[in-house]
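The values are calculated or read from the model by the stated rules, or taken from the named source; none is laboratory data. Bear in mind that the values here come from a model prediction, so they are computed numbers and not experimental data. Cβ: placed from backbone, ideal geometry, glycine included. Neighbour counts: every protein chain shown.
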Amino acid sequence: MKVIRTDIPDVLILEPKVFGDARGFFLESYNKRAFRDATGLDVEFVQDNHSSSRRGVLRGLHYQIRQAQGKLVRVIAGEVFDVAVDLRRGSASFGKSVAFNLDAASKRIAWIPPGFAHGFLVLSEQAEFLYKTTDYYAPEHERVLLWNDPALGIRWPLQGEPVLAERDRHGASLKSTETFA
């Protein structure tokens with residue numbers, strides 16, 4: 001597994017070893033020992049999630065203020081523009097974001113650590129998005145950071161208005177959202 005550090009070094013892009021031939025391909029999407037050896041992180045995943053979305057759907061920017069979740073994310077069909085925002089007040093990159101494309105063709109996987117808001121915009125006609133989390137979903141602790149807060153400066157590759165859930169439409173600004181110590 002190849003590890004690529006992003007502009008926020010705690011957010012990682014992982015390139016798994018892909019074995020392909022005329023029949024198709026095989027890859028290990030997760031191996032605890034290989035992940036630990038490649039990243040230096042020893043985490044336990046407790047929940048797997050799967051979302052399916054159509055072009056123009058923007059999900060996020062979500063996080064849990066308690067029971068913060070680290071996420072190992074990947075796309076198995078289609079393509080997304082993926083974003084992580086650092087909400088750790090003590091971090092040198094507090095309030096900054098990193099963005100990258102994830103798609104089924106490249107098979108890249110991203111690690112979004114606890115303490116980050118996360119979201120994505122679907123670029124293809126349809127996208128299947130899988131993610132493992134290090135803590136359980138706790139709706140009472142879920143928060144939404146406003147996806148288009150000017151303070152974040154995220155350049156979403158939009159063609160028109162995104163398709164949003166009501167909660168994502170009314171997220172909090174960076175200035176007013178709850179953050180991590």
Quiz item: If we keep just the residues of segment 1-36 that are of a type in the set (D, E) and surrounded by 13 or more Cβ atoms within 10 Å (Cβ to Cβ), which is farthest from the chain's Cα centre (by Cα)?
Solution: E15
Quiz item: Does segment 146-155 contain at least one residue that is modelled with pLDDT of 95 or more and in a strand (DSSP E or B)?
Solution: no
Practice problem: Please work out which residue is nearest to L146 (Cα to Cα), limiting yourself to segment 36-66 and to residues that are hydrophobic (A, V, I, L, M, F, W, C) and assigned to a loop (DSSP other than H, G, I, E, B). | Solution: I65
Quiz item: When only residues in segment 126-181 that are of a type in the set (K, R) and surrounded by 15 or more Cβ atoms within 10 Å (Cβ to Cβ) count, which is farthest from the chain's Cα centre (by Cα)?
Solution: R143
Quiz item: Pick from segment 37-60 the residues that are within 14 Å of P113 (Cα to Cα) and either touching a Gly at 6+ places or on another chain (Cβ under 7 Å) or free of Cβ contacts under 8 Å to residues at least 40 places away in the same chain (or both): which of them is surrounded by the most Cβ atoms within 10 Å (Cβ to Cβ)?
Solution: V43
Practice problem: Only residues in segment 163-176 that are in contact (Cβ under 8 Å) with a residue 40 or more places away in the chain count as the first member; pair them with residues that are among the polar types (S, T, N, Q), Cβ under 9 angstrom, at least 6 apart or cross-chain, and list the lot. | Solution: V163/S53; G171/N148; G171/T177
Exercise. Could you list all residues from segment 67-117 that are part of a strand (DSSP E or B) and either acidic (D, E) or surrounded by fewer than 19 Cβ atoms within 10 Å (Cβ to Cβ) (or both)?
Key: I76, A77, E79, D82, D86, R88, F100, N101, D103
